[in-house]
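Structure first, commentary second.
What follows draws every value from the coordinates through simple rules; no lab data is involved. Just so we're clear, the structure is a prediction, and the values are computed from it rather than from any experiment. Positions of Cβ are backbone-derived with ideal geometry, glycine not excepted, and every protein chain shown enters the neighbour counts.
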Amino acid sequence: MYDHKTIEKKWQKYWEENKTYKTETDSNKEKFYTLVEFPYPSGAGVHVGHVKGQTAVDIFARYKRMNGYNVLNAMGWDAFGLPAENFAIKNKKHPNHFTQENIKNFRRQIKSFGPSFDWDREIDTTDPKYYKWTQWIFLKLFEMGLAYEKEAPINWCPSCKTGLANEEVIDGKCERCDSVVEQKNMKQWFLKITNYADKLINDLKDLNWPEYIKTSQKNWIGRSEGAEIKFDIENSDKKINVFTTRIDTIFGCTYVVLAPENILVEGLKNKVKNWEEVNGYIKKIKNKSDLERTDLNKEKSGIKLDGIKAINLFNQEKVDIFIADYVLSSYGTGAVMAVPAHDERDFEFAQKYNIEIKTAILPENKKESETCYTEDGVLIDSGEFTGLQSLEAREKMVEKGERGGFAKKKINYKLRDWLFSRQRYWGEPIPIIKCLVCGNVPISENELPLLLPEVENYEPSGTGESPLSKIDSWVNVKCPKCGGEAKRETNTMPQWAGSSWYFLRYIDPHNDKELASQDNLKYFMPVDVYFGGAEHTTVHLLYSRFWNKALYEKGIVPVSEPYKRRVQHGLILAEDGKKMSKRWGNVINPDDVIAEYGADVMRVYIMFMGPYGDTSAWSTSAINGIGRFINKIWSLSEKEITEEEADRETLNLLHKTIKKIGEDIENISFHTAISQMMIFLNHLLTKKDINRNVFSIFIKLLVPFTPHLSEELYQKINPERVGSVCNLDWPIYDSNLIKDEKAKIAIQVNGKLRDEIEVDFDSDQKVVEELARERSNVKKHLEGKELVKIIFIKNKLINIVVR
RNA sequence: GCCGAUGUGGUGAAACUGGUAAACACGCACGACUCAAACUCGUGUGCCGAAAGGUUUGUGGGUUCGAGUCCCACCAUCGGCACCA
């Protein structure tokens, strides 16, 4: 029996003492940078999802290392965050206390399943030596005009008492605590991610990422090409700007709609006859939560502004102006031209309020239209544009509008600027000083890191100020520019800040002069493969691409895209098919699994559960099977080891196995790599003795998956050798040995399988046909039939087609 | 509604550019070992059938000598986005 308890500990100690996985910059060797998302060190400890990602990255790293690459593979802690802060509030202890305890536990747990991280490169986002550079990047972004402060309606979580970025709001709720998010007008810091919208879309095309991630990011950015059109307001010099992708339908416009929040509304106050009613409506809408407002099943509501009209400058027609809740202030111009004949939302609204529906587009070759036709077509009743196709009309109309100064081409995005400040304690302080005279003044670089000061109370104030605002001695400073009275920015950065650039710091983690040296960055960037979870598709992956691009433009990083290849894993569900959670009491703790089965069994089991990207449920009986597998491998070492050359069949299977496992690792098909190991093992188990060389090669193939077992076995079989198996070369398969000597040929008559024969490899049709015709079952089906043709595929099948 | 993905045994699944569907594993059944159970080992295991044989990749159609794989239509499940003008 394989004694996992002592053997695994023994080798973990060996790796630690010998720094087996230490990586240095070495320009004589080709680098390979493997990365897995670094965890938030929660109180719950490592869960099996972490194990899945970290085992996968480890398999890849070990495989590449054995293939001669200089592999960078490191681990760290994304340690700022709310749970530590909430713990601090409850226990009146510094959040760092809790954080460091958790990190200790995470480090122990991760080391206990043996991943090959270079622990000398460990980083912690809450370490001032690390966040010094997070703050430094903020200063660069500020310098570049990419960090700015503005007053705007923001997402506010009433329970976390902080603002949230759009990316942190899921279905109108806070992604962390599920509370319904409110809109609040606040002066806040934003990062201008929208400047990079096009680059973030266009640069996706060269990345080796799953298509669904690319599509998700594109949809999130939501680029849409259209036009901005001005409508005049009767008896007023004010104008209404609208955004539309369908300028070709403008002759069907029968009203325009403003969002209730549109500032123009207030300006029209004097002209609106039913102002009191209108104002009441706006107030009612503003009191509704976003969740209620965006509920699609809700009936649209609105109110007409009596006494004023908008003028469509394409035909000088006067149309009514409405305020309605189906128009969003946050997208486009906060106003739309409504064309009920060609837009379903406008159609629904027009029917409810009895507004005219005017057709401007007909489907091609049709005289009549459906009630609401939303596709492209041919223009009718559209003045000089009548008869044009939608596509052409859009161009001509924009041209006319540009000449007349009332329309222009415009591209809109769903992506909003990144709300970057948090009204909480446990985050990086924003290195800005607010001076009444000079405005926002960055602190000088040599004052970094701006340390997070101690406070007595970590409780967020709830008024939109962070707990830092209560420390007068920290807040009140002199303006670095004019020397006058000034105050520090008291908001902190969001958790996403530290994780937006950590992959750069692994490259040069102890550098106190630079974020990382140019030489090291040039050598190691980009990340060659990045493992992680699906939940970061439109958050962390987008944010860190943005930061990297900004740093690239500033000449700080050498590549514009940080992650060449991205691999995402599927969820591991509990045995009952539910999500693992404390609430259901169905959580699998890796510590328990390792104690019972060993680290290698856990690693192989998790990789064997199914395709890496699929969701699958934990199964105790299946993990027992992997325990058997590991014990059987161990039992090989109890056979007689010979120096006699192995038989041809064994070598053939061995070399096929080398090929398959290598290809499967490259393709992230770990479960099929493992089944190939099982096939080869089953073959070896039928043998009385085992050739040393064959066994040694087999062990090498196991290294990425079962490093502990492999170390021990290799030493047992080759006692004269010292050192870790991790430094052995990956076996190379011999294509001559992969060739089969015999081939099994399927014999079909009219496409139906009738028999099977074994022939020499590469036998030609004549030989095979003769043999096939002699088989009784084939004869039976050929009797009395006329031959039509014969299909022959070498080494595969022969199909005799008869009539 | 839009976008994406997926449908194969009792279960997780495999199948390279169209070429013997179900590899590998779990489970189950029977047998060996055991006083007994567990472990372990052996045999069997898509479905129908005693067998010969027939039949099977969500459903219906098509292309082909041949379709899990390609084409058309539909159904179901999961994930993401969602009044984005």
> Under a point spin-label approximation (7 Å from Cα along Cα-to-Cβ), what is the residue A:384-residue A:761 distance to one decimal in nm?
Replying inline: 7.7 nm
> For the range A:473-513 and the range A:137-178, what is the separation of their C-alpha centers, rounded to whole Å?
Replying inline: 17 Å
> Going by average Cβ neighbours within 10 Å, how do the peptides A:325-331, A:773-779 rank, with the highest at the top?
Replying inline: A:325-331, A:773-779
>> Could you compute the net charge surrounding residue A:440? Neighbours are other residues with a C-beta less than 13 Å from the C-beta of residue A:440; K and R count +1, D and E count -1.
In response: +3
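Counting other C-beta atoms within 10 Å, and keeping those with at most 11, which DSSP coil chymotrypsin sites (Phe, Trp or Tyr not before Pro) do you find in the range A:457-537?
Nothing satisfies the criteria.
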> So for the pair residue A:774, residue A:463, with labels modelled 7 Å out along Cα→Cβ, what separation do we get in nm?
Replying inline: 10.0 nm
>> Below 9 angstrom from the Cβ of residue A:187, what's the summed charge of the other residues (Lys, Arg +1; Asp, Glu -1)?
In response: -1
> Which lysines, on any chain, are close to residue A:739 with Cα under 24 Å apart, when same-chain ones fewer than 8 places away are left out?
Replying inline: A:656, A:659, A:660, A:687, A:700, A:766, A:794, A:796
> Could you give the length gained on full extension between residue A:101 and residue A:738, defined as 0.36 nm per residue of separation minus the Cα-Cα distance, in nm?
Replying inline: 224.0 nm
> Do any GluC sites (Glu not before Pro) in the range A:283-336 lie in a DSSP loop with no more than 16 other beta carbon atoms within 10 Å, and if so, which?
Replying inline: A:299
> Can you list the trypsin sites (Lys or Arg not before Pro) in the range A:559-614 that are in a DSSP coil and have 13 or fewer other beta carbons within 10 angstrom?
Replying inline: A:578
> With each label point set 7 Å from Cα along the Cα-Cβ vector, what nm distance links residue A:276 and residue A:643?
Replying inline: 10.9 nm
>> If packing is taken as the average count of other Cβ atoms within 10 Å, what order do A:544-550, A:37-43 fall into, highest mean first?
In response: A:544-550, A:37-43
> For residue A:188, which sequence-distant residues (separation of 5 or more, or a different chain) have an amide H within less than 5 Å of its own amide H, given hydrogens modelled in the peptide plane?
Replying inline: A:150, A:151, A:152
>> How many angstrom lie between the Cα centre of the range A:403-438 and the Cα centre of the range A:1-76?
In response: 40 Å
> Hey, if you put +1 on the Cβ of every Lys and Arg and -1 on every Asp and Glu Cβ in chain A, which of A:574, A:326, A:415 ends up farthest toward the positive end of that dipole?
Replying inline: A:326
>> Net charge around residue A:218, counting only other residues with Cβ within less than 13 Å of its Cβ (Lys, Arg = +1; Asp, Glu = -1)?
In response: +3
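Starting with the fewest neighbours, write out A:284, A:140 ranked by other beta-carbon atoms found within 10 Å of each beta-carbon.
Ascending Cβ contact count within 10 Å gives the list A:284, A:140.
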> If the cut-off is a Cα-Cα distance under 18 Å, which aspartates and glutamates reach residue A:744, setting aside same-chain residues fewer than 8 apart in sequence?
Replying inline: A:649, A:755, A:756, A:758, A:760, A:762, A:764, A:769, A:770, A:774
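From Cα pairs below 8 angstrom and at least 6 apart in sequence, can you work out the relative contact order of chain A, rounded to a whole percent?
For chain A, the relative contact order is 14 percent.
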> Which order do peptides A:249-256, A:794-801 fall in by mean Cβ count within 10 Å, highest first?
Replying inline: A:249-256, A:794-801
>> Could you work out how much longer the chain between residue A:794 and residue A:596 gets when fully extended? Use 0.36 nm per residue separation minus the Cα distance between them, nm to one decimal.
In response: 66.3 nm
> Quick one: which of A:184/A:238; A:271/A:309; A:19/A:132; A:104/A:132 span more than 18 angstrom between C-alpha atoms?
Replying inline: A:184/A:238; A:19/A:132; A:104/A:132
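Given a Förster radius of 51 Å and the C-beta distance between residue A:470 and residue A:6 as r, what FRET efficiency does 1/(1 + (r/R0)^6) yield to the nearest 0.05?
Efficiency for this residue pair is about 0.40.
Length gain on complete extension for the stretch residue A:143 to residue A:666, per 0.36 nm per residue less the alpha carbon to alpha carbon distance?
So the chain would gain 184.1 nm between residue A:143 and residue A:666.
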